[in-house]
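**Q** Quick one: this structure, given as structure tokens, is what I'll be asking you about.
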Amino acid sequence: MNTEIAPPPTAFTGRSDAMLTDSEGTFTVQLPGTRKAARLVRHLAVRQLAVWGWPHDARPSRTAGHLVGELAANAVTHGRVPGRDFRLGMVLLDDARTLRIEVTDACPEARPATPGAAPEAKPLADSGRGLLIVQALSDHWGVYSKTPYTKTVWCQFTVT
Ligand SMILES: Nc1ncnc2c1ncn2[C@@H]1O[C@H](COP(=O)(O)OP(=O)(O)OP(=O)(O)O)[C@@H](O)[C@H]1O
Ligand SMILES: [Mg+2]
């Protein structure tokens, strides 16, 4: 189920201005497309869940941390365009029973396989498992492009 949500409160420009917004039930941060920023954004996500009432070791926080970590790592690895940012958006839906996570990068041409179509990682391969983890930890995930210049990989899961 690919539920559309209202656009985040800040437009994705792909410029290197870090932006942070937090309105009730919505969180957006835009960072440079680096591995360091991908690690940072995972911490920011868990911190935001604490603001929303889930301690860092609660299941929703741990799940969100894993999901954001995998999607952000992919954005700065496979979706990286030099000099462009990526963006994390999180929104609580369904009376705060569902957390939706969106990671937008500036590379719409390259896309991951659609849910269910991702090939299984070979037993000894040291990569190719990130989206399998996303599939396992989320209720739904998918990919869409809202503009010709970006794509968004999203997932959502029940937090209650
Ligand atoms: N944001 C993205 N942009 C472009 N391609 C992507 C993106 N995310 C995933 N992919 C594609 O899907 C493949 C599978 O992604 P996945 O996260 O499962 O594995 P990986 O990133 O290659 O390895 P791992 O996550 O285990 O370190 C990637 O190799 C890449 O080809
Ligand atoms: Mg990956």
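The values are calculated or read from the model by the stated rules, or taken from the named source; none is laboratory data. Everything numeric here is computed off the predicted structure, so don't read it as measured data. Backbone-built Cβ (ideal geometry, glycine too); neighbour counts: all protein chains shown.
**Q** So, of the residues in the stretch 62-88 that are more than 16 Å from ligand 2 (Cβ to nearest atom) and crowded, with 21+ Cβ neighbours inside 10 Å, which turns out to be nearest to S127 (Cα to Cα)?
**A** A64
**Q** Only one residue in V46, V81, V29 is at pLDDT 95 or above, among the hydrophobic types (A, V, I, L, M, F, W, C), more than 21 Å from P115 (Cα to Cα) and touching an Asp or Glu at 6+ places or on another chain (Cβ under 8 Å), so which one is that?
**A** So the residue among V46, V81, V29 that is at pLDDT 95 or above, among the hydrophobic types (A, V, I, L, M, F, W, C), more than 21 Å from P115 (Cα to Cα) and touching an Asp or Glu at 6+ places or on another chain (Cβ under 8 Å) is V81.
**Q** Might you let me know whether the stretch 32-42 holds any residue that is among the polar types (S, T, N, Q) and within 16 Å of ligand 2 (Cβ to nearest atom)?
**A** yes
**Q** Which residues, taken from the stretch 129-141, are more than 7 Å from ligand 1 (Cβ to nearest atom) and closer than 18 Å to A73 by Cβ?
**A** Selection gives I133, V134, Q135, A136, L137, S138, W141.
**Q** Still on this structure, please answer the following. Going by what's in this entry, would V81 be described as touching a residue at least 40 places away in the same chain (Cβ under 8 Å) and assigned to a loop (DSSP other than H, G, I, E, B)?
**A** Criteria met by V81.
**Q** Please work out which one of (1) in contact (Cβ under 8 Å) with a residue 40 or more places away in the chain; (2) part of a helix (DSSP H, G or I); (3) over 11 Å from the mean Cα position of the chain (by Cα) is the condition L67 fails and give its number.
**A** (3)
**Q** Which one of A125, A121, A113 is surrounded by 14 or more Cβ atoms within 10 Å (Cβ to Cβ), over 16 Å from V68 (Cβ atoms) and out of contact with any His (no Cβ under 6 Å at 6 or more places or on another chain)?
**A** Testing whether each residue is surrounded by 14 or more Cβ atoms within 10 Å (Cβ to Cβ), over 16 Å from V68 (Cβ atoms) and out of contact with any His (no Cβ under 6 Å at 6 or more places or on another chain) leaves just A121.
**Q** Just give me the residues in the stretch 90-128 being modelled with pLDDT of 95 or more, within 16 Å of ligand 1 (Cβ to nearest atom) and among the hydroxyl-bearing types (S, T, Y), in sequence order.
**A** Residue satisfying the conditions is T104 alone.
**Q** With the requirement that a residue be in contact (Cβ under 8 Å) with a residue 40 or more places away in the chain and either within 11 Å of ligand 2 (Cβ to nearest atom) or in a loop (DSSP other than H, G, I, E, B) (or both), what does the stretch 111-138 give you?
**A** R111, P112, G130, L131, I133, V134, S138
**Q** Answer yes or no as to whether V91 is part of a helix (DSSP H, G or I) and closer than 18 Å to F27 by Cα.
**A** When the stated conditions are applied, V91 does not pass them.
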